[in-house]
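Derivation of every value follows stated rules applied to the coordinates shown; laboratory data play no part. These numbers come from a predicted model, not from an experiment. Counting neighbours? That spans all protein chains shown, and the Cβs are built from the backbone with ideal geometry, glycine included.
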Amino acid sequence: MKIVYFSWLKEILGISEENVRPPKNIKNIKDLIKWLGTKSIKHRKVFLKSKNIRCSVNHQIVDKNNKIKNNDEIAFFPPFTGG
Amino acid sequence: MIKVQKQRINVSEQNRNLLKKRIGAVVNFIGVARPLNNSGKIKYIEIEHYPKMTEKKIKEIEIFAIKKWKLNHCIIIHRYGKIKPGENIVYVGTAAQHRNNAFKACEFIIDYLKVKAPFWKIEQQNNKKTYVKSKKKDEKKIKVNY
């Protein structure tokens, strides 16, 4: 599973993407956030603020109950600020 | 027509493209980088985007606007990368038979771009970098108006 990070999430983590293999009990975005938050101190710092984080699965915005699969590209980012 | 690009937007060229359509009303909006924020002078802004998703989202916005306001032509260009104060950031141009549709579509597109297209802004000052926060009023405006 490919995880992509943008904006301040990317800066705190020091990486723009990573490949992960979550355990089988990780079924949706909510589970994934909890699990990613245990990966490192930096991950914890990012995912503690998960209320301010939006996500997409395969380039579609989804909510945190959305189910996930092993070959998905999942992105985490703050609300958009373009225009 | 949509474009996501690093270089400055040639506004006159895009206006000419809309005028070529020889239609009743042409409206454009140009977003410009501000020189100041609440804590002082801005050196430059930096816009990041999610390349695999950006054009797809803008295309959805364009298709919706063309259909709803019967546009004859629509141009949406958004920049990314480093942008200095005074430079353009985004261009939205709409052409329709009547001004009402051209105005409404243009406003809708820029409102939607702000909250639905995957861009993120950083304001760089001399010793400070600020991640621009989204504004609740922008999200509210979309819910109320469209």
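Remarks
- Each residue of the range B:13-23 was assigned a 3J(HN,Hα) from its phi angle through the Karplus curve 6.51 cos²θ - 1.76 cosθ + 1.60 (θ = phi - 60°); the sequence is 4, 5, 5, 4, 4, 6, 5, 4, 6, 6, 10 Hz, with glycine and proline shown as x.
- Three-way shape label, the range B:2-145, alpha-carbon gyration tensor, a/c 1.5: prolate
- The amide H of residue B:80, built 1.01 Å from its N in the peptide plane, has B:5, B:6 as neighbours under 5 Å, considering only residues 5 or more places off or on other chains.
- Coarse-grained scattering of the protein assembly as shown at q = 0.10, 0.11, 0.15, 0.18 Å⁻¹, given as base-10 log I(q)/I(0) from a Debye sum over alpha-carbon atoms: -0.52, -0.62, -1.03, -1.29
- Residue pairs, from the table B:21/B:52; B:3/B:121; A:30/B:140; A:10/B:114; B:104/B:140; A:69/B:133, whose Cα atoms sit over 23 Å apart: B:21/B:52; A:30/B:140; A:69/B:133
- The long axis of helix B:99-116 is offset from the longest Cα principal axis of chain B by roughly 40 degrees.
- Residue mean of other protein chain beta carbons inside 10 Å, B:115-123: 5
- Surrounding net charge for residue A:24, when Lys and Arg each add one and Asp and Glu each subtract one, Cβ distance under 14 Å: +3
- The range A:2-77, Cα convex hull volume normalised per residue, Å³: 79
- Amide H contacts for residue A:17 (H built 1.01 Å from N in the peptide plane; partners 5 or more residues away or on another chain; cut-off under 5 Å): A:5.
- Using the Cβ of residue B:72 as centre and a radius below 11 Å, the other residues enclosed give a net charge of +4, where K and R count +1 and D and E count -1.
- The residues neighbouring residue B:104, those whose beta-carbon lies less than 12 Å from its own, together hold a net charge of +1 under the Lys/Arg +1, Asp/Glu -1 convention.
- ³J(HN,Hα) computed for each position of the range B:38-52 - Karplus, 6.51 cos²θ - 1.76 cosθ + 1.60, integer Hz, glycine/proline x: 4, 9, x, 6, 9, 6, 6, 10, 10, 10, 10, 9, 10, x, 5
- Estimated FRET transfer efficiency when R0 is 30 angstrom, pair residue B:60-residue B:5 (beta carbons, to 0.05): 0.95
- Remark: the range B:53-105 is approximated by an ellipsoid whose semi-axes, taken from the C-alpha gyration tensor as √(5λ), come to 24, 15, 6 Å, largest first.
- Rounded D (µm²/s) - the range B:65-146, Kirkwood Rh over Cα pairs, Stokes-Einstein at 25 °C, 0.890 mPa s: 170
- Each peptide among A:2-11, B:30-39 gets the average number of other Cβ atoms lying within 10 Å of its residues, and from highest to lowest they stand as A:2-11, B:30-39.
- The phi-based Karplus calculation (6.51 cos²θ - 1.76 cosθ + 1.60; θ = phi - 60°) puts the 3J(HN,Hα) values of the range A:18-32 at 7, 9, 10, 10, x, x, 4, 6, 8, 9, 9, 4, 4, 4, 5 Hz, whole numbers, x for Gly and Pro.
- Helix B:136-145 axis, angle to chain B major axis (alpha carbon atoms, nearest 10°): 10
- Relative contact order of the range A:2-77, pairs being alpha-carbon contacts under 8 Å that are 6 or more residues apart, as %: 40
- Near residue B:89, the amide H atoms lying under 5 Å from its own belong to B:31, B:32, B:33; only residues 5 or more places off or on other chains count, and H is placed 1.01 Å from N.
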